Amino acid sequence: MSETSGAFATTALSGYELLADPQLNKGTAFSEAERDAFDLHGLLPPSVLTLDEQVSRRLQALRGYETDLERYAFLRELQDTNETLFYALLVSNLEELLPIVYTPTVGEGCQHFSRLFRKPRGLFLSIPHKGRIDRILAHPRFDKVEAIVVTDGERILGLGDQGAGGMGIPIGKLALYTGCGGLHPATTLPILLDVGTDNPDCLADPLYIGWRNERVRGQEYDDFIEAFISAVVKRWPRVLLQWEDFAKNNATRMLDRYRDRLCTFNDDIQGTAAVATGALLAAINVTGVPLTEQRVAVLGAGSAGCGIASLIRAAMRDAGLSEREAATRFFMVDRDGLLLEGMTGLAPFQLPFIQNKQAIGDWKLSHPDKIGLLDVVRNARPTVLIGVSGQAGAFSEPIVRAMAEANKRPVIFPLSNPTSREEATPADIEAWTEGRALIGVGSPFPPITRDGARFKVDQTNNSYIFPGVGLGALAVGTSHVSDGMFMAAAKALASSSPARDNPKHNLLPPVSALREVAESVALAVALQAHKEGLVTDVAIDQIEQRIRAKMWTPGYIPYRRTA
Ligand SMILES: NC(=O)C1=CN([C@@H]2O[C@H](COP(=O)(O)OP(=O)(O)OC[C@H]3O[C@@H](n4cnc5c(N)ncnc54)[C@H](OP(=O)(O)O)[C@@H]3O)[C@@H](O)[C@H]2O)C=CC1
Ligand SMILES: CC(=O)C(=O)O
Ligand SMILES: [Mg+2]
């Protein structure tokens, strides 16, 4: 264990033990004095490097690999060996490394997790160990934990059930909490709730590292989650807990059940809603079509789709539409077509978004039995088309062309992840709309050509939101995370839109600016929490300073040895 006191840290570890601790290890950057004090001579090559030199060396090695999956494995290994160096490398190369640490490569990382697993990181809590959760969380290593990202691995990006391999996602999300939101790595904890898997490939794989069992469901699942949350709240009463990549039958249910019990939010529902709303508000500055005149079609009426619809609808109400009028503006298309009054089998969280039969009475339909997206676009003439279905290519040419026909500047956001699951590619949308669309994608794509120059389409991903929400909430110790805080985050994001100065510019700041984005989102979120009375012991004029003070910049500090 180590203690940090401003300019130096103390530890009783030495020699191999010190080098084996990723939170303390400096590798070749241990100074001569530290090598003397901690018995490191001989264990390290004699040359002492600076952090910058270590970063250059690792970057060179990283670039030498052939595939992104190899780069992912290399970075994970580095993270588990020397966290300071990992974050120094990440922070100084966000644009290049985010697609590896995060989407799309993290998806492959999850799919290959059983083969890539080397060293422990975070916690695997499995059903057979339900009675031991308190004991597992009690380890002193976790004393400093402030932020948890938890998944049960059932809906990993658009890749479906990855079982225990889903652990890659909380690890990746928390890498952004630190890399972008500045939370100290020792305060973050990724957790995989291993409740089994229904993925036949995992179950049949002799090397699968998870609990080899079909997914536990129903009361047994709920009891396990309850045991987990109770243990978490007991261990860290003020922790921030982010739910990530739960399947749609659990995501909203768990959020509703626990949002008043602890400081918690669901990233796929609320974080995605805020980035989509922020990007839409930014697009409105360009198109000039006010929120009160927008009509929104969403493909995929699951967690993300209904979360997005809910926040945009709240923004419409803020802009002056009545509740009833705002409700008519959404066209949610799921697997069985447009969500329509009278449909059976809808989930409770979908019910607020069903269309009225009368409202579509005069639609001309090519398939009256199942109203698909093309019929919706042709008839409703939406101004905005959002994809969160995980279905590659679902925004077909006729659909995109119909958007272009109905709108001077159609807003088209295929947001599914990873890259292989996007509903359309930016290049196709650009071609099918004659360059008139305002495009946002969930995962990175190569630049398109626009006006004869290379144009990098906005990665409209909740990574623009959750690091700032976590930072803001923790900096002021908010008791809960409210919907108002996500609206504040969306507006803060929109106000940092480069298109505000020049409509030809991007809707969102570049990925390389994610640290600045997190800081401004954090400020907006914390101010909103304060306004809503969710902050009790921080004065409003201290908030900005609190946020800055909370942001850790990767760097080494000297160590002193304790007995
Ligand atoms: N850009 C971003 O920041 C984010 C992107 N996402 C992405 O969005 C996608 C969905 O996530 P999430 O909402 O949590 O997942 P959900 O499973 O909750 O929702 C997806 C919905 O799409 C439906 N669907 C499946 N196939 C079709 C189809 N052919 N046509 C219409 N609807 C279909 C699903 O139905 P069924 O259940 O029957 O299959 C389900 O209702 C994922 O790819 C995810 O990576 C999510 C969060 C953030
Ligand atoms: C980005 C994200 O959270 C997802 O695709 O699930
Ligand atoms: Mg997610």
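The values are calculated or read from the model by the stated rules, or taken from the named source; none is laboratory data. Just so it is clear, the model here is predicted, and its values are computed rather than measured. Cβ coordinates were reconstructed from backbone atoms using ideal geometry, including for glycine residues, and neighbour counts include every protein chain displayed.
Odds and ends about this structure:
- For the range 284-311, filtered to residues that are touching a residue at least 60 places away in the same chain (Cβ under 8 Å), hydrophobic (A, V, I, L, M, F, W, C) and within 16 Å of ligand 1 (Cβ to nearest atom), the residue that is nearest to residue 393 (Cα to Cα) is 299.
- Residue 107 within 16 Å of ligand 3 (Cβ to nearest atom) and at positive phi: no
- Remark: residue 387 matches the filter, which requires a residue to be touching an Asp or Glu at 6+ places or on another chain (Cβ under 6 Å), of a type outside the set (Asp, Glu) and either in the same structural domain as residue 463 (by TED's automatic domain parsing) or within 16 Å of ligand 3 (Cβ to nearest atom) (or both).
- Hits in the range 452-463 (condition: among the hydrophobic types (A, V, I, L, M, F, W, C) and in contact with a helix residue (DSSP H, G or I) (Cβ under 7 Å, 6 or more places away or on another chain)): 457
- Long-range neighbours under 9 Å by Cβ, at least six apart or interchain, first residue over 19 Å from residue 338 (Cα atoms) and among the β-branched types (Val, Ile, Thr) within the range 389-416, second within 12 Å of ligand 1 (Cβ to nearest atom) and modelled with pLDDT of 95 or more: 411/279; 411/386; 411/440
- Among the residues of the range 403-416, none qualifies, meaning not one is more than 23 Å from residue 108 (Cα to Cα) and either outside the structural domain of residue 333 (by TED's automatic domain parsing) or touching a His at 6+ places or on another chain (Cβ under 7 Å) (or both).
- Cβ-Cβ under 8 Å pairs, at least 6 apart or on other chains, the range 508-531 side over 18 Å from residue 546 (Cβ atoms), far side buried (at least 24 other Cβ atoms within 10 Å of the Cβ) and of a type in the set (D, E, K, R): 508/458
- Count - residues of the range 425-484 that are within 16 Å of ligand 2 (Cβ to nearest atom) and among the hydroxyl-bearing types (Ser, Thr, Tyr): 4
- Complete set of residues in the range 421-452 that are of a type in the set (Gly, Ala, Ser) and at pLDDT 95 or above: 424, 427, 431, 435, 437, 440, 442, 443
- The set of residues in the range 1-57 being at positive phi and at pLDDT 95 or above consists of 15, 27, 39, 42.
- Filtered residues of the range 445-479 (kept if free of Cβ contacts under 8 Å to residues at least 60 places away in the same chain, away from ligand 1 (no atom under 16 Å from the Cβ) and aliphatic (A, V, I, L, M)): 448, 453
- Positions within the range 201-225 being surrounded by 13 or more Cβ atoms within 10 Å (Cβ to Cβ) and among the aliphatic types (A, V, I, L, M), in sequence order: 203, 209, 216, 225
- Failed condition for residue 110, given (1) surrounded by fewer than 21 Cβ atoms within 10 Å (Cβ to Cβ); (2) part of a helix (DSSP H, G or I): (1)
- Number of positions in the range 226-246 that are buried (at least 17 other Cβ atoms within 10 Å of the Cβ) and either farther than 20 Å from residue 145 by Cα or without any contact (Cβ under 8 Å) to a residue 12 or more places away in the chain (or both): 2
- All helices (runs of 4 or more DSSP H) inside the range 217-336 with 1 or more residues being out of contact with any helix residue (DSSP H, G or I) (no Cβ under 9 Å at 6 or more places or on another chain) and outside the structural domain of residue 380 (by TED's automatic domain parsing): 218-235, 248-258
- Residue 516 vs. criteria modelled with pLDDT of 95 or more, under 30 Å from residue 430 (Cα atoms), surrounded by fewer than 19 Cβ atoms within 10 Å (Cβ to Cβ) and of a type outside the set (Gly, Ala, Ser): yes
- In the range 289-304 there is no residue that is surrounded by 17 or more Cβ atoms within 10 Å (Cβ to Cβ), within 24 Å of residue 407 (Cα to Cα) and among the hydroxyl-bearing types (Ser, Thr, Tyr).
- The residues on offer are 274, 279, and the sole one that is closer than 23 Å to residue 334 by Cβ, within 16 Å of ligand 3 (Cβ to nearest atom) and among the hydrophobic types (A, V, I, L, M, F, W, C) is 274.
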